[in-house]
Amino acid sequence: MTSQSMPLPRGRRWLVRGILLLATLVAFLSIFAVWANRQVLDADNWADTSTELLQDPAIQTQVSAYLVDQVYTQVDVAGELATALPTRLKPLAGPAAGGLRQLAENRTVRLLNRPRVQDAWRQANKLTAEQFIAIAEGKSRAILVNGNAVVLDLRQVVVDLVQRLGGSGRIAGKVPESAGKVKIMDAQQVTALQDAVGALKGLSAVLPGLAIALYALAVFLARGRRRRTLMYAGTGFVVAGALALVLRNVGGGYVVDELAPTASVEPAVSAVWEIGTGMLRDVAQAAIIMGLPVVAAGWVAGPTSSATAIRRAAAPWLRTRPDLAYGGLAVVLL
């Protein structure tokens, strides 16, 4: 009986299994911690994601409707049309303003595709992200002193829309400072947010390393079964990543059902979820990709005829060309 096939004592066998399960759970949680830290606490990532959101056609439709509503709410379109029409045509100002709304939404969609507008959108979201992060990390004096809220400021986009719809500089100047401002968070939520962010930053730094340490401990304790336990460790990473992907897909269906009040809004909500959790998908896939070579390494070290053949074929290269061996390992790691 080889040392590799030696049975573990019952107590140690269950201890190793428990550590493997715990490590897989920690790896699963670390995927979400890393995603949240990178997505929420990085202003550039936030801005990039928001720009990708704006480029989606379904989201553009909903954003254009919101911006046009802001124009009609903040500017008396019918009144402005009436001042420009001859006296006998002034009664037509109201119907004309209503008919202009659909035209405005169509033009707004085209407007949102312009690089300058998308850059303004990106800068607005980046500014909001920086404000959000400063508040979350307790570095924003304004939020603590004045009790303000986190606000996404789209006023400049609203002003550009007024001008592109034929409004003069005088009309654009009537757009108040409060136009196009979307409140993201109330001031009373700041304390809870700061506590959550502090925990998130700690977890995103600790959990991945803890998962690897637990897998290493399981392999160390599985004397006589270390090769098989190494394969289980790699499988644990694969399982953690796969579960995160499944939860993302299931959660997307639930979020769309809960947040989409009508069928017309569902494509936009679905796109927001798909794009907003794109980085979560990437992190989960990275966990799977990291686990597969570990499983392969454990298998190649095994006693099967195919594994033995691979080792026999690789031996000359490993002995005479270690540069190629280490180069291949570097490629796998990348």
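Each value in this text was obtained by applying a stated rule to the coordinates, not by laboratory testing. Just so you know, these numbers come straight off a predicted model, no measurement behind them. Cβ placement follows ideal geometry from the backbone for every residue including glycine, while neighbour counts extend to all protein chains displayed.
Just a few scattered comments:
- R0 of 22 Å, Cβ-Cβ distance Val300-Val331: FRET efficiency to nearest 0.05: 0.85
- Gain on full extension, evaluated as 0.36 nm per residue between Arg17 and Ala309 minus their Cα-Cα distance, stands at 102.1 nm.
- Taking the number of Cβ atoms within 10 Å of each Cβ as an exposure proxy, the fewest-first ranking of Thr108, Thr24, Thr262 is Thr262, Thr24, Thr108.
- Label-point separation, Arg110 to Leu245 (7 Å along Cα→Cβ), nm: 4.2 nm
- With K and R counted +1 and D and E -1, the other residues having a Cβ less than 9 Å from that of Gly302 yield a net charge of +2.
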